[in-house]
């Protein structure tokens, strides 16, 4: 079987400084970019290590959308397929 792990494009907005070091060290995380209080990255496989890296930081926004491989470029994510929060819950 040649099943690829799912990869997600994730964007997180923090109150204050993003969790750069923690996120960069999390298993499955790559291509970390920071712009002010906003952090963007790719997460492959389980998102649990990524979420654990956010512990202790105040997150006010989070979006997650499918990231496609080169063979899937022709596909577009459907509206509502990604995860989106405004900091509520917990």
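Derivation of every value follows stated rules applied to the coordinates shown; laboratory data play no part. All values reported here derive from a predicted model rather than from experimental measurement. A quick note on method: Cβ atoms are made from the backbone with ideal geometry, for glycine too, and the neighbour counts reach across all protein chains shown.
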State all residues of the stretch 16-42 that are assigned to a loop (DSSP other than H, G, I, E, B) and within 12 Å of residue 54 (Cβ to Cβ); if no residue qualifies, say none.
18, 19, 26
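Count, please, the residues in the stretch 1-15 that happen to be under 16 Å from residue 62 (Cβ atoms) and either in a strand (DSSP E or B) or in contact with a helix residue (DSSP H, G or I) (Cβ under 9 Å, 6 or more places away or on another chain) (or both).
Matching residues across the stretch 1-15 total 7.
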Output the number of residues of the stretch 51-60 satisfying the condition of being closer than 16 Å to residue 36 by Cβ and surrounded by 15 or more Cβ atoms within 10 Å (Cβ to Cβ).
2
